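S.K.: Okay, handing you the structure first.
The values are calculated or read from the model by the stated rules, or taken from the named source; none is laboratory data. None of the values given here were measured: they were computed from a predicted structure. SASA here: full protein model, heavy atoms, side chains in, ligands and nucleic acids out. Shrake-Rupley method; radii C 1.70, N 1.55, O 1.52, S 1.80 Å.
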Amino acid sequence: MAEQAQYEELIRQFSAFGAVKRELGRILPSDCPSGSAAVLTLLGRYGDMRMSKLAELLAVDMSVTSRHVAHLAERGWIDRSPDPADKRSRIVHLTAAGLACLEELSERTTLLLAERLADWSDEEVAQLTRLMARLRASFDDCRPGPPRLPPPAAALEPTTRTPAST
């Protein structure tokens, strides 16, 4: 197990990673905020799905997912249709325009990463990818469960005092 100082440095790196996310966000088209891009990416990766599954994959509330989906539908990038198995539910899928937008997002992101990581070896990029996937999987394993409680405090040292008489 890593030492406390290593975990503290990891926390600092996570905080600093916000700069990377902001830079990636800057290359998105003005009409495609990061939440919308995430929806397009998930639909591109997993295909058509129910809104509830999309909310689960995004790890956000259904109301947030609905706003992202409405935004994308207004632009013609996705369609919503009734779920044949449950008419109250909606199935979300990419349109041709949505697929084109997703391809543009992928191209922009790939170009930015290629530019910023130009001095990295192929093995370093592959190693980063493996480690990030492993980190994400470590957190995915614990997502559905209740929050973990800290371990119980160490037992108190026995005292030599005697209780006061009443």
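S.K.: Per residue, how much accessible area does region 1-89 show when a 1.4 Å probe rolls over the protein heavy atoms, in square angstrom?
M.R.: On the way: 5850 Å² over 89 residues.
That works out to 66 Å² per residue.
S.K.: Can you work out ³J(HN,Hα) from phi for every residue in region 103-119, in order, using Karplus 6.51 cos²θ - 1.76 cosθ + 1.60 and θ = phi - 60°, giving whole Hz and x for Gly and Pro?
M.R.: In residue order, the calculated couplings are 5, 5, 4, 4, 5, 4, 5, 4, 4, 5, 5, 4, 5, 6, 10, 4, 8 Hz.
S.K.: Show 53, 87 ordered by accessible area, largest first, where the area counts protein heavy atoms only and the probe is 1.4 Å. Please report the intermediate quantities before stating the final value.
M.R.: Numbers: 53 85, 87 145 Å².
Heavy-atom accessible area, descending, gives 87, 53.
S.K.: Another question about this same structure. When all protein chains stay in place, what accessible area (Å², nearest 10, 1.4 Å probe) is found for residue 27?
M.R.: Ignoring ligands and nucleic acids, residue 27 comes out at about 40 Å².
S.K.: Which value, in Å³ per residue, describes the convex hull spanned by the Cα atoms of region 12-90?
M.R.: Details: hull volume 8.3 nm³, N = 79.
So the per-residue Cα hull volume is 105 Å³.
S.K.: Heavy atoms only, probe 1.4 angstrom, no DNA, RNA or ligands counted: give me 63, 30, 36 ranked by accessible area, highest first. Please report the intermediate quantities before stating the final value.
M.R.: Working: 63 60, 30 125, 36 0 Å².
From most accessible down to least: 30, 63, 36.
S.K.: Continuing with the same structure: Expected output is a single nm value to one decimal: the length gained when fully extending between residue 125 and residue 14, i.e. 0.36 nm times separation in residues minus the C-alpha distance. What is it?
M.R.: Working: separation 111, 0.36 × 111 = 39.96 nm, distance 1.80 nm.
Separation in residues times 0.36 nm, less the Cα-Cα distance, equals 38.2 nm.
S.K.: Keeping all protein chains in the complex and leaving out DNA, RNA and ligands, what accessible area do you get for residue 128 with a 1.4 Å probe, in Å² to the nearest 10?
M.R.: Residue 128 exposes around 60 Å² with every protein chain in place.
S.K.: Only Cα pairs under 8 Å and at least 6 apart count here; give the relative contact order of region 1-118 as a rounded whole percent. Don't skip to the answer; put the middle values down first.
M.R.: Details: 100 pairs, mean separation 29.2, N = 118.
Taking the mean separation of contacting Cα pairs over the length of region 1-118, I get 25 percent.
S.K.: Might you work out the accessible area of residue 101 for me, using a 1.4 Å probe with all protein chains in place, and round it to the nearest 10 Å²?
M.R.: 10 Å²
S.K.: If you don't mind, there's one more thing I want to ask. Let me check something: with ligands and nucleic acids excluded, how do 108, 80 order by accessible area (1.4 Å probe), largest to smallest?
M.R.: On the way: 108 90, 80 110 Å².
If we order 108, 80 from most to least accessible, we get 80, 108.
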